[in-house]
Amino acid sequence: MNTSVLPPPLDLALAGLLDQVGERQRQDFGHMASDLKADGTLITACDRWSDQTLVAGLNQLYPGEGVLSEEGQQRLPLTSAYWVVDPLDGTTNFAAGIPYWAISLARFEQGRPVLAVLDVPPLRQRIVAAAGQGAWRNGKPLQPPSLQDHPAGCASLCSRSIGVLQKLPDRRFPGKIRMLGVASLNLVSVAMGQTVAALEATPKIWDLAAAWLVLTELGCSVQWLQTSPAAIEPGRDLAQVDFPVLAADQASTLDRFLPWGEALVRP
């Protein structure tokens with residue numbers, strides 16, 4: 001990753017840590033055996049190494065700030081400022097030889113993300129957002145998707161949300177379906193103008209932390225379908241907590257897709 005041009009909120013030390021992990025992931029891609037975790041999802045040695053390296057690096061760079069990570073401590077830190085880390089979002093893609101995954105990193109203050117980084121090692125892209133300042137891709141400012149044309153009208157579903165199509169058999173889904181296999185990038189595809197809406201059935205806090213701020217900074221509409229991650233009490237174990245969510249490029253699009261969001265969480 002070229003760090004010669006950095007957006008304002010990203011310092012060189014943090015960028016260097018992400019460079020180190022992203023480079024190792026590119027080297028390991030295509031050479032990693034995978035195991036099943038207790039929840040049935042895949043994990044590789046590269047997931048574990050990436051998690052340990054990011055957590056250790058954050059502890060060194062930001063002493064006194066807690067870290068919640070997918071493969072490590074999954075209890076919400078008690079510190080006023082803390083980090084939420086997904087070291088390799090898209091492990092199934094990574095293990096299957098599909099070159100599309102991300103490193104997701106977000107710093108929280110008072111329960112809300114204030115700095116977000118989504119690093120996409122196979123594409124050498126880095127998306128950064130800072131609360132109240134905007135969002136950038138590889139150092140270049142991003143524009144709100146509501147200002148862009150969307151002739152393709154694509155919408156992103158995850159593998160667990162595809163079933164909503166059967167719940168509303170008499171209604172035509174209002175978008176061309178795409179399944180990217182990476183929860184954070186499914187959501188941020190809306191902010192990037194790649195899709196007009198995204199529906200995630202079972203994202204964990206580490207899946208959505210960075211994408212949440214990117215979406216917010218670019219004026220997207222976000223509807224939490226059950227529980228908002230803004231209302232989590234410190235110290236809570238989030239290992240088994242899902243935050244179903246619908247994201248859209250603007251409010252009118254959200255209204256158009258909301259029946260499928262509501263159907264997703266309907267008993």
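Here, each number is a calculation from the coordinates, and none is a lab measurement. Values in this document were obtained by computation on a predicted structure and should not be read as measured data. Every residue, glycine among them, receives a Cβ derived from its backbone with ideal geometry; neighbour counts consider all protein chains shown.
Per-structure values
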quantity: D (Stokes-Einstein, µm²/s), Kirkwood Cα radius, region 88-212, 1.567 mPa s at 4 °C; calculated: 85
quantity: Magnitude of the charge dipole, the chain, Cβ model with Lys/Arg +1 and Asp/Glu -1, debye to 20; calculated: 600
quantity: Charge context of Gly57, other residues only, Cβ under 14 angstrom, K/R +1, D/E -1; calculated: -4
quantity: Cβ charges +1 (Lys, Arg) and -1 (Asp, Glu), total dipole of region 145-265, debye; calculated: 380
quantity: Most to least packed among 69-79, 113-123 [average Cβ atoms within 10 Å]; calculated: 113-123, 69-79
quantity: Helix axis angle, 205-217 relative to the chain longest principal axis, alpha carbon, degrees; calculated: 70
quantity: Cα-based Lys proximity count in the chain, under 27 Å, for pairs eight or more positions apart or on separate chains; calculated: 4
quantity: Antiparallel bridges, percent of DSSP beta bridges restricted to region 145-265 (to nearest 5); calculated: 55
quantity: Convex hull volume per residue in cubic angstrom - Cα atoms of the chain; calculated: 122
quantity: Nearest-ten-degree value, helix 251-265 long axis tilted from longest Cα axis of the chain; calculated: 90
quantity: Positive-end residue, region 12-141 charge dipole about Cα centroid, Cβ charges, pick of Gly134, Asn59, Pro122; calculated: Gly134
